[in-house]
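Encoded as structure tokens, the structure appears first; notes follow it.
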Amino acid sequence: MPIVWDIPVKNLCYKHLNLQHHSVHLIRLLIVDNIPGWETDPEMNRWRGHLQALKAIHDATATELDNRFPDYHHDSSFPDAHDSPDYPPSWQPVSVQVAALIDSGCDCELYNLIR
């Protein structure tokens, strides 16, 4: 299942930044090409009508990857969209996302997100 974290990109480790980068491309492809089988996926439904906001996340994620990981060279474009630039509400609370990242044992910097 694709996921776009509701966590600032500066806090995500390489693994989760890269996963998010792949996810935004997958979500865009599935929505734009209207590929069946994803109609009930909450992350997919979240982004329908919000591809402009998804592009902003893509750009922030790609920039963070390029800035923090010198061997990473972003070369996948994300076309402009002409729908809502508003960030859609999440279907999963940030606290649940943070817990999932902590449980994964990754290198995400989550200490300042735990309340």
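If I model a spin label at Arg68 and Asp80 as a point 7 Å from the Cα along the Cα→Cβ vector, what separation in nanometres do I get?
Rounded to a tenth, the inter-label distance reads 3.0 nm.
Which option, (1) 10.6; (2) 9.3; (3) 7.5, is the value of mean projected area of the Cα convex hull in nm² that was calculated from these coordinates?
(3)
Quick one: which of 76-83, 7-14 comes out on top by average Cβ neighbours within 10 Å, and what's the full order, highest first? Could you put the intermediate results ahead of the total?
Values: 76-83: 11.6, 7-14: 16.6.
Peptide ranking by packing, descending: 7-14, 76-83.
Can you sort Leu101, Leu26 from fewest to most other Cβ atoms within 10 Å of each residue's own Cβ? If you can, show how the numbers build up before the last one.
Details: Leu101 22, Leu26 16.
Ranking Leu101, Leu26 by Cβ neighbours within 10 Å, fewest first, gives Leu26, Leu101.
Since every read-out is calculated from the coordinates, none of them should be taken as a lab result. No experiment lies behind these values; they were computed from the predicted model shown. Positions of Cβ are backbone-derived with ideal geometry, glycine not excepted, and every protein chain shown enters the neighbour counts.
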